[in-house]
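Accompanying notes for the structure given below.
Any read-out appearing in this document is the output of simple, stated calculations on the displayed coordinates, not a laboratory observation. The structure presented is a predicted model; accordingly, all values stated were derived computationally and were not measured. For neighbour counting, all protein chains shown are included, and Cβ atoms are generated from backbone atoms with ideal geometry for every residue, glycine included.
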Amino acid sequence: MSGPAGPGAATQQTFLAFDFGARRTGVAVGTRLLGTASPQSTIRADSADARFAQVAERIREWQPDALVVGVPLHPDGAAHENTVRALKFARQLRGRFGLPVHEVDERYSTTAALEEGARDADAGAACIILEQFLRSL
């Protein structure tokens, strides 16, 4: 946990969220105190090594207490190929960075981001994923 432990420390928690994609991964940052997320530059990478190098930079920059990963599902809740990829990404984040990783159902997050006028649909989707997670705390 960042900052001194004690009353109010939990409200200061910072989270970094990811809308995983094979070529583009949306990123957002937010705090439990504010309950809102801010879009960050989308990670563009064609390889896992390049993606994780950029993730490491974001973690160094924001020093989050935990990470949040959107998990895509079919409308009926069934898993699909991208579900497996997102879950693998979440496992790799845990293993590489040693931070808690929370998984969030991200059905319709990109559609919602576009409807809200997001300039970057991936970063907008990451914001929606993170805000959904923050509301659940």
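Here is a yes/no grid of residues against (1) out of contact with any His (no Cβ under 7 Å at 6 or more places or on another chain); (2) of a type outside the set (V, I, T):
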| residue | (1), (2) |
| --- | --- |
| S38 | yes, yes |
| T42 | yes, no |
| D46 | yes, yes |
| Q54 | yes, yes |
| I59 | yes, no |
| P64 | yes, yes |
| V71 | yes, no |
| G77 | yes, yes |
| H80 | no, yes |
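Return the residues of segment 23-45 that are surrounded by 13 or more Cβ atoms within 10 Å (Cβ to Cβ), out of contact with any Ser or Thr (no Cβ under 8 Å at 6 or more places or on another chain) and among the aliphatic types (A, V, I, L, M); say none if nothing qualifies. A37 - this is the single residue of segment 23-45 that is surrounded by 13 or more Cβ atoms within 10 Å (Cβ to Cβ), out of contact with any Ser or Thr (no Cβ under 8 Å at 6 or more places or on another chain) and among the aliphatic types (A, V, I, L, M).
Only residues that are part of a loop (DSSP other than H, G, I, E, B) and of a type in the set (G, A, S) were counted in segment 43-70, giving 2.
The residues listed here are F97, F89; of these, the one that is in contact with a strand residue (DSSP E or B) (Cβ under 8 Å, 6 or more places away or on another chain), among the aromatic types (F, W, Y) and more than 18 Å from T14 (Cβ to Cβ) is F89. Per the listing T110, T83, the residue uniquely part of a helix (DSSP H, G or I), surrounded by fewer than 19 Cβ atoms within 10 Å (Cβ to Cβ), among the hydroxyl-bearing types (S, T, Y) and out of contact with any Lys or Arg (no Cβ under 7 Å at 6 or more places or on another chain) is T83. All told, G77 falls short of being part of a loop (DSSP other than H, G, I, E, B) and more than 22 Å from S136 (Cα to Cα).
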